[in-house]
Structures are given as C-alpha cells and as structure tokens.
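Read-outs throughout are calculated quantities, based only on the coordinates presented, and are distinct from any laboratory measurement. All values reported here derive from a predicted model rather than from experimental measurement.
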Amino acid sequence: MKLLIYFYQIIAKSCEKLIYIKQMMKNFAKIEDKEKKMHDKNEKAVDLEEERLLNLDVDHYTKKVDEKAVEGEDKMLREEGLLEELVEQAEEEVKEEAEAEMLLLEETVEMVDTAEVEEVEATEENVTAPPKEKKFAKAQRLVGQSKQIVQEADEQTEECRLLLMDDLKEYDEAKSKLKESGFDDCEFLLEKLGYKTTSEEQEEEESVVFETKEEVAPMVIKDVSSGKFSGFILALLGGAATAVGLVYLATEKLGMTLNVSKLPSTEETQNILSSFSTMIGLKPDAAIGAGLLGISVLLVMFLIYKIRVGLKASSNLHFAVKQFVEAELYIEQKSNCKVEMEKVDAHMKETIETMNIYEILFHEQEGKLQRILYFEGEKGKSTDYHEKSFAEIRETKELMRTIKDFMAIPMSEDGKLSENSVERLSKAKSQMDKMIDRLY
C-alpha cells in the first residue's frame, strides 16, 4: 500500500512538472511571435531605406544597409540564443528531478523484490533441502568411485600393454626382414672382400627388447556392509541377557530360587512380573510388570542395534575414505606406467621406421659390394681394393656396426625407456642421414 501511495505522489509531481513546462513553452512561443514581428518591421525599414537611397551613392548606402541588417540579425540571434538557453535549463532541471525520483523508485522496488525473493528462497530451501547424506550411503558412494577409478586405470594400462605387444611384433618382423633382405648378404660379401668380423661381432646375443616391470600390485576394492544383520544378532543376545538379568533381580528381591531345569509355575511367574511394577512405586500387578519387562528388553535391543549400526557406519566411512585415497595413489602410479609405455611405444615406432630405411640402404650397398667383387675379385685385405671401393666397404661396415649395436641392447630398463637405447637410435639415425646426404 505504501508503494502505491509513493507511486501516486511521483505521478502527481510529474504532472506538475509537465504543466510548468507547458506554461513555459507558451511564454516562449509569445516571445518568438514578438521577435518575428520585430524582424518583419526591420525588413520593411530596410526596404524603405533602400528605395530612398536609390539615387545616392549605391556602394556607400548599401554598406550601411548591410550593417543595419547584420545588427538586426545579431540582435535576433542573441535573443534566440537566450531563449534556447532558458529552454535547455528548464528541461535539464525537470530531467534531473525526474531521474532522481525514478532512481529512488527503482531502489524501493528493488528492496521490496529482494526481500520477497529472499523470503521465497528461504522457504524453498526449507521445503526442498535434500537430507544430509548418511555415513553408510557416503561410504558406498566412495567405494563405487574407487572401483571406477581402479577400473579405468587398469583398462588404460591394458590398452598400452596391448599396443606395445603389437609394436614388438612389428619390430620383430622389421628386424627379421632387415637381416634376411640385406644385412646378412652384406656381411657375407664383406667377408669375401677381406673384412673379417671379430669374435665379439660374430657372437649374436638375443636380448630382450622390452620387459615390463609390474611396480604396482593390482588393487582390489572391497565392499562395505551396513552392519544391520550383526546388529540384529547382537540386539537379540542383549535382549535375552537383559531379560535374564531382570528376572534374576526380581527373584533376589522376592527371596526366590528358580529351578533352571524346568519352567517356573504360574504363581512364580505372577510374583516375578508383579515385582517389576513395585520397582517404580506401583501396586503389584503382573500385567504392568510384563509391560515394563518387555519395554526394558526392547529398549536395550534398540540401543544395541543403533550403536552397532552407527559404529559400523563410522568404520565403513573411514575404510571407504582410506580405499579412495589408495585408489587415487594407484591411478597416479598407473598413469606414470602409462606415460613410460607411451614413450617406449613412440621409440619403437621410430625404430621400425629407421630399420626400414636401413633395409633399403643395405640393398643398395649389397649391389655395390657385388660390383666390387665382380670387377676387382677377392683380395686378402679390404685395403687392397680401389680407393672408392674401399670407401664403400668402410661405409657398409659402419652402417652394419651402428645398427647392430642398436639392436643388441634392450629398449627398456626397469619398465622405463632406456636412455642407452635412445642414444644408440640417435647414432643410427645420424649415420643413416650421413649416408643419404652422401648419395644425394
């Protein structure tokens, strides 16, 4: 209601301002009419003056007429400028007041809307606020996340392992093809040309190309139990113990001795149950005593059950958090293994490419060696051949030595890419590039 009254006040003030502006505009219109009439009179006076001075010196009097006209126009412009300044000043004042009132109105409306929105949001939060997650539910959620993390880590590692197996297969094929297609033939021709391999070079050792090292043992995520079943069993045992204890207290109070080998008589049962009602200050009543006994037993059972479930939920949450942290560490270690496997994979692909190029170069060198052997024949030493022939023999020997040294070492050490293998591959590529540069 206050807001509506405030709106009406603002509208009334705005109407007053509009009436004021309208009145000012009427005054301005009257001033403009007067100025127009004055301007017309000045123009008529100028015309009469021009007719009177027709026979006089035209240039002299024309100059005077122009000066008078200019003075009249200057006067009119000054008056019009004053009029415009008044109009602008009035408009600015009205505009500033209107803006201030609208700003105040907007602030008031915003305050009202904000209060309403906050009240609605608070109501929605009270109505739709989700219940607090229980410990067991949170533990189950963490166990599920841990299983997903471990599964993803194992799947990624397995993918890398399979990829490496494919690379190893391609490497073995490229190595066999290199030896059969050019390497062995070049070695045989070099021996015929007087180059004798040393005992170390003749002994070819089969080295393990890549050996995976399982640094991280497989992780098994265990599920958590709610503890409800064990809590129920413990509650039954606790209830039975409570019932026996209360009956024993009643018999001690009554001075009775029960024979545990047989059931108590009806009279004994009535006396025992009646004694429970007297414990709370009531008259002996078997029905009330039986009710008190049952309530006591059920209360003890409920407490035991809730305590067991609560303790189990806390231990489950602690165990689930511990498993989740271990799963995070597990995936981090597996990620390191994956990175190392990817490095070995890239190294193997580069090796296979280099070996394919070496195969082509050995094919070419094989033809050159056959040419040397055919035209120059077999000689005792390789140095006895022509200078150019000896250079080809030496280049072939260097190619064979470089690639043989590289293939003789494993690509991995302790499950990681071998720095020695990387260095040998770099030397093999460098020797290959030198040969290609010499050819082209």
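Points to keep in mind about this one:
- Violating pairs (Cα-Cα greater than 30 angstrom) within the set Lys169/Lys404; Lys349/Lys388; Lys338/Lys429; Lys381/Lys427; Lys147/Lys312: Lys349/Lys388
- Distances between placed amide hydrogens fall under 5 Å for Glu413 paired with Ser418, all partners being 5 or more residues away or on another chain.
- Segment 315-360 and segment 247-265 have Cα centres spaced 73 Å apart.
- Beyond 18 Å, the tail of the calculated P(r) for segment 290-367 holds 73 percent of the Cα pairs.
- Cut-off under 5 Å, modelled amide H: who pairs with Leu282 long-range: none
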